[in-house]
Amino acid sequence: MKYISFAIPCYNSQDYMEHAIETILTGGDDVEIIIVNDGSKDHTSEIGHAYAEKYPEIIKVVDKENGGHGDAVNAGLAHATGKYFKVVDSDDWVDEEALQKILTLFRRLEEEDQEIDMLISNYVYEKAGASHKKCVNYRNALPQDEIFRWEDIGHFRLDQYILMHSVIYRTGLLQLIQMRLPKHTFYVDNIYVYYPLPHVRRIYYLDVDFYRYFIGRDDQSVNEKNMIARVDQQIFVTKLMIDMYQMKQISCRKLRQYMINYLAIMMTVSSILLIRSKKEENLQKKKELWMYLRKKDFRTFFKIRHGILGQTMNIPGRSGRKISSLAYSVARRIIGFN
């Protein structure tokens with residue numbers, strides 16, 4: 001039995017993909033590795049097929065036309081046979097000791113005839129040149145060593161939200177809700193960790209530093225210059241998330257508040273990128289984005305707009321924009337996302 005299917009989306013990843021593969025290979029026959037070659041123009045495909053030839057029981061390669069990160073995740077999910085599903089980007093890697101602990105947990109759950117919808121674990125920012133590596137854990141927010149539900153969660157800090165790095169979903173759940181990410185779009189990892197939430201019933205938090213998230217390449221999507229250049233895609237993803245749910249339909253109060261707070265972060269990131277671009281047309285886009293939320297879900301708009309983040313992003317005038325940019329710079333250092 002394959003406990004975890006690992007999808008590795010790869011685009012021109014020849015220089016770093018092997019490290020990701022090697023760390024996951026330590027899971028042995030309990031794991032499946034799906035290398036998704038997303039139309040690469042380098043030796044990504046050849047490297048992947050060499051691994052598949054060497055480890056035919058563990059590794060498979062999916063060669064496809066370029067469709068972007070989200071479409072590569074879709075392809076990985078379509079080929080997954082493991083009970084649980086995890087995305088590992090080709091420039092990231094996993095901690096081998098933590099992987100063994102996760103597999104031990106999944107074996108125990110299987111022996112006890114139990115299953116969960118989502119496993120949450122910690123992740124580490126492997127920021128190039130940083131002497132201190134920030135680790136995000138959830139000890140204060142989530143129960144440990146037990147299966148729990150949304151009603152049992154505590155308070156999440158701003159630097160503590162559940163990202164793609166921290167989740168492993170049950171494969172059947174993602175297939176049941178027909179998870180499909182948009183093609184040729186950046187920042188769809190936010191959809192990946194947001195859309196399934198109301199469908200998740202049984203959760204487990206394992207306090208291990210599992211995912212290693214590398215930051216430092218100039219071409220990364222979370223590089224600030226790239227984020228500003230691609231701000232229309234950030235807006236597109238934010239609008240998709242606004243459209244997904246009317247918050248009053250989310251019955252669990254704690255989950256509803258968590259999802260509203262996540263949307264507040266998305267609105268903040270979109271707003272600050274539009275402000276920092278210093279283009280008049282983008283300030284108009286910022287107004288339009290807030291109006292979009294207002295029309296779609298006024299109650300959620302009101303809560304976000306009059307919260308701390310919403311107020312900071314909407315101080316009028318040039319001085320207000322300076323305060324917003326300063327707040328962003330502070331938040332970026334605290335959260336460390338780019």
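The values are calculated or read from the model by the stated rules, or taken from the named source; none is laboratory data. Everything numeric here is computed off the predicted structure, so don't read it as measured data. Methodologically, a virtual Cβ is constructed for each residue, glycine included, from the backbone with ideal geometry; neighbour enumeration extends over all protein chains shown. Note: areas computed on protein heavy atoms with side chains; ligands, DNA, RNA excluded. Shrake-Rupley method; radii C 1.70, N 1.55, O 1.52, S 1.80 Å.
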- Query: For the range 174-210, how many residues are farther than 19 Å from residue 33 by Cα, of a type in the set (A, V, I, L, M, F, W, C) and assigned to a helix (DSSP H, G or I)?
  - Reply: 4
- Task: Among what's in the range 5-48 and is hydroxyl-bearing (Ser, Thr, Tyr) and open to solvent by less than 10 Å² (accessible area, probe 1.4 Å), pick the residue that is nearest to residue 96 (Cα to Cα).
- Result: 23
- Message: Cβ-Cβ distance below 6 Å, separation of 6 or more or different chains: which pairs start in the range 281-292 with a residue that is outside the structural domain of residue 236 (by the TED database) and at negative phi and end on one that is open to solvent by less than 90 Å² (accessible area, probe 1.4 Å) and modelled with pLDDT of 95 or more?
- Response: none
- Query: Taking helices (runs of 4 or more DSSP H) that do not extend beyond the range 1-120, which have at least 3 residues that are assigned by the TED database to the domain that holds residue 208 and more than 20 Å from the chain's Cα centre (by Cα)?
  - Reply: 17-25, 44-54, 96-111
- Item | Complete set of residues in the range 251-263 that are open to solvent by 10 Å² or more (accessible area, probe 1.4 Å) and either touching a Leu at 6+ places or on another chain (Cβ under 7 Å) or not in a helix (DSSP H, G or I) (or both) | 251, 252
- Task: Output the qualifying pairs, or none if there are none: Cβ atoms under 7 angstrom, residues six or more apart or on different chains, first residue in the range 43-69 and touching a residue at least 40 places away in the same chain (Cβ under 8 Å), second residue among the β-branched types (Val, Ile, Thr).
- Result: 68/185; 69/188
- Note on the structure: Given (1) touching a Leu at 6+ places or on another chain (Cβ under 8 Å); (2) open to solvent by less than 10 Å² (accessible area, probe 1.4 Å); (3) at pLDDT 90 or above, residue 301 misses just (2)
- Kindly indicate the residue of the range 59-75 that is out of contact with any Leu (no Cβ under 7 Å at 6 or more places or on another chain) and β-branched (Val, Ile, Thr) and also most open to solvent (accessible area, probe 1.4 Å) among those meeting that condition. 61
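Got a number for residues in the range 145-156 being in a loop (DSSP other than H, G, I, E, B) and farther than 15 Å from residue 109 by Cα?
Looking only at that region, the number is 5.
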